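Single-structure report; data block below.
We did not get these values from a lab; they are worked out from the coordinates using the rules stated. The structure displayed is predicted, hence computed values, not measured ones. Ideal geometry is used to build each Cβ from the backbone, glycine not excepted, and the neighbour counts take in all protein chains shown.
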Amino acid sequence: MSRTAKVIILFIAVIAVGWGIGKYTSPSPSASQEEGASAGTGDGVLAPPVADPEASAEPSAVPVATPQATAAPQQTGSGTEDEPSAAPTAKPEPTEKPAATSRPAATAKPSGGSGSEGAELTAAEPDSVTVMVNKQYKLPDGYKPADLVYPEVPFLFSEKIEKRMMRKTAASALEKMFAGAKSDGIHLAGVSAYRSEKTQTTLFNNYVKRDGEDKARTYSAVPGHSEHQTGLAIDISGSDGKCAAESCFGGTKEAEWLAAHAAEYGFIIRYPEGKQAITGYKYEPWHVRYVGQEIAGDIAERGITLEEYYDAVPVSN
Ligand SMILES: [Zn+2]
């Protein structure tokens, strides 16, 4: 019986304690509600102090949460790492694309990049329509384009000889350009297009005999350095042949038409006025060079030279 009494007393005690706890616990929620209410009214004045202890209590959990947070980033990180790794992969692609646009220039550069300034550099891709040939950059020894054809346009001579030839792409662009000029009432004629290394050598040597090498170099290309050897360049005049490849061609209606429209057909005035320090040649309004419509348009629009387009080292002499 005493056991039963003990059990009953214990039972009552448990209930009493439970009630006490319940009573003790219930006020705090009501207090927090009040605080919440006062916090709602008093804005942040009361709320922060209350929030601070909670915050300070939470920090103990925060470290626990921080590792989780750190773990979470790791998970996202691993997920993001794939993305970043995918992003870098995506980045090089855009970088490669612009590079590809500027590659033609770079193509020429690396080939002789090891050489010092002023040294002869050899174009790495002589068959590219964007190849740069000037007093610094030369074509590989004995280079001859494989796709030379006779463009169907009038020349100042009738023979089917070397200097009437151009590379296929340039030739068809030239035919379109001559047709375009004709429809504008401008009658053009070819003066001289392709020139082999052998021909250029003969020409240059004759100039050297006549004027000496220093002077010859100012107006004639050293063999291997002539743009005419690419099969992409041509000297143009009016069909009357007046001022053919002479400075008096400048200012003629044919020269003005070329300056205004050549780019539409993929040609550039290769040696513009006032750019001698960059191209190495005096103004030659008659000498056009095929580079393709995109680059030609860009060069014409920006009023720059092929050297500037490729950001190449200026050619002085
Ligand atoms: Zn020329």
Next on the checklist: Looking only at the range 185-205, count every residue that is part of a helix (DSSP H, G or I) and either within 14 Å of the ligand (Cβ to nearest atom) or among the hydrophobic types (A, V, I, L, M, F, W, C) (or both) and tell me the total.
Outcome noted: 4
Item to check | Residue selected from the range 230-268 under the condition among the hydroxyl-bearing types (Ser, Thr, Tyr) and without any contact (Cβ under 8 Å) to a residue 40 or more places away in the chain, by the criterion farthest from PRO140 (Cα to Cα) | outcome: THR252
Item to check | Scope the range 183-206; condition out of contact with any Phe, Trp or Tyr (no Cβ under 9 Å at 6 or more places or on another chain), surrounded by 14 or more Cβ atoms within 10 Å (Cβ to Cβ) and among the charged types (D, E, K, R); matching residues | outcome: ARG195
Next on the checklist: Restricting to the range 153-169, give me the number of residues that are outside any strand (DSSP E or B) and either closer than 21 Å to LYS242 by Cβ or in contact with a Ser or Thr (Cβ under 9 Å, 6 or more places away or on another chain) (or both).
Outcome noted: 9
